[in-house]
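Each value in this text was obtained by applying a stated rule to the coordinates, not by laboratory testing. These figures come from a predicted structure and were not determined experimentally. Using ideal geometry, Cβ is built from the backbone for each residue, glycine included, and neighbour counts are taken over all protein chains shown.
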Amino acid sequence: MLDYAINAMPGVVDDITHTIGNTPLIRLSKFAARHNVDATLLAKVEFFNPAGSIKDRPAMAMLTALMESAAFNEKTEIIEASSGNNGVACAWLCAIYGIKLTVCIPEHMSIERQKLIRHYGAQVVTTPKDLGTKGAIERAAALIEQNPNAVGLSQFSNYANPNAHAQSTAQELLRDTNGHIDIVVAGVGTGGTLTGLATSMRAHIPHLEVVAVEPASCPVLSKGHGGVHNIQGLSSGHVPDVLDVSQINQIITVEDDEAIAYAQQIARVEGLAVGISSGAALFAAAQLAQQPSNKGKNIVVILADGAERYFSTPLFAD
Ligand code: PMP
């Protein structure tokens with residue numbers, strides 16, 4: 001008979017939230033060879049999170065902060081604006097904690113996101129494409145105004161969002177590389193990922209170069225104006241409160257079709273089926289790796305979600 005102690009089940013977690021984070025960091029050797037570069041490209045693959053994206057970490061942090069606050073009681077409902085992945089992560093967590101959730105999402109965000117949010121039992125309110133993420137934020141605010149039990153998590157202004165990345169994503173990167181990182185590349189939606197990584201990693205790596213990626217057709221950070229784009233999850237059309245722009249060393253803009261082409265290529269070259277914003281980040285990382293001054297450097301690129309959230313989009317066009 002096996003001599004296991006009663007109650008000692010070291011491989012069991014209490015619920016699925018305990019599986020957030022500790023995502024793999026994968027060396028992209030074949031992608032680097034394809035682009036003839038002499039830098040080390042390392043991909044932090046966030047589709048390994050339980051609800052499928054980078055937003056699981058901040059959603060957990062924001063929800064925990066709310067549940068621990070005096071404002072929270074058993075009648076509390078959440079109404080949140082999202083380009084989708086935050087909505088999916090919140091819907092997943094609200095299912096676990098039994099909280100009523102409404103997600104306001106621009107109508108052109110993929111149907112896969114909307115279906116997943118409903119699948120977890122939350123409500124979806126779609127807002128017009130031409131109003132962008134701002135339209136979703138304003139609708140959420142209006143709905144909260146009408147409902148005395150409703151609160152928002154407000155990912156664009158909630159500092160629990162970047163703090164989640166400072167406390168988990170950044171620590172994992174430092175641990176997994178022994179701090180040997182020269183450049184970090186991340187797409188900017190709320191800016192939570194970029195701000196959290198930059199503030200926390202710079203304390204250990206003073207020479208760290210932080211590169212923001214944004215859509216060429218919505219260049220809020222680089223040119224100061226918005227626009228409609230198809231890199232879902234990036235640029236909301238405004239500079240979010242939680243984005244610390246002073247942390248950004250360089251901004252790289254990426255066209256929608258370049259992002260799609262790189263997301264398709266990485267699936268075929270490295271077996272990584274990632275989403276469109278990951279393709280944008282990879283495009284930027286390849287550009288950086290090709291610069292002679294970056295020869296031999298270690299470049300970390302954040303891949304925010306997986307391709308299966310985009311079956312209905314041009315990522316899967318024949
Ligand atoms: N890529 C995708 C697909 C996303 O959903 C998000 C989150 N909006 C991001 C990148 C950017 O993340 P952050 O909000 O931390 O800037």
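Summary of values
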| quantity | calculated |
| --- | --- |
| Cα lying deepest toward the dipole's positive end in segment 55-151, options VAL125, ILE96, ILE111, charges on Cβ | ILE111 |
| Amide H contacts under 5 Å for VAL151, placed H, 5+ residues apart | GLU77, ILE78, ILE79 |
| Theoretical FRET efficiency, 1/(1+(r/R0)^6), r = Cβ-Cβ of HIS225 and GLU107, R0 22 Å, to 0.05 | 0.50 |
| Extension gain from SER157 to LYS30, taking 0.36 nm per residue of separation minus the Cα-Cα distance | 41.8 nm |
| Theoretical gain in end-to-end length, GLN146 to SER293 [0.36 nm per residue, Cα-Cα removed] | 47.4 nm |
| Simple Cβ-charge dipole of the chain, Lys/Arg +1 and Asp/Glu -1, about Cα centre, in debye nearest 20 | 300 debye |
| Proximal lysines relative to LYS115, as straight alpha-carbon distance under 22 Å, when same-chain residues fewer than 8 apart are discounted | LYS55, LYS100, LYS129, LYS134 |
| Segment 55-151, relative contact order in percent, only Cα pairs under 8 angstrom and at least six apart counted | 30 percent |
| Total formal charge among the other residues, if their Cβ is under 14 angstrom from that of TYR262, Lys/Arg +1 and Asp/Glu -1 | -2 |
| Virtual paramagnetic centre 7 Å along Cα→Cβ of SER217, amide N under 15 Å, in segment 260-287 | 260-261, 276-277, 280 |
| Cβ-derived FRET efficiency at R0 22 Å, GLN167 paired with VAL245, nearest 0.05 | 0.55 |
| Leading residue at positive end of dipole, the chain (Cβ point charges), from GLY187, PRO148, ASN86 | GLY187 |
| Charge-dipole axis of the chain as Lys and Arg at +1 and Asp and Glu at -1 on Cβ define it, positive-most pick from THR177, ALA212, ALA286 | ALA286 |
| Given charges at beta-carbon only (K, R positive; D, E negative), |dipole| of segment 55-151 in Debye | 220 debye |
| Residues of type aspartates and glutamates that LYS297 reaches as a straight line, Cα spacing below 15 Å, ignoring anything fewer than 8 places off in the same chain | ASP38, ASP182, GLU209 |
| Separation of the HIS180 and ALA267 label points, Cα + 7 Å toward Cβ, nm | 3.3 nm |
| Theoretical ellipticity at 222 nm over the chain - DSSP helices of four or more residues, -39500 (n - 2.57) apiece, nearest 500 | -10500 deg cm²/dmol |
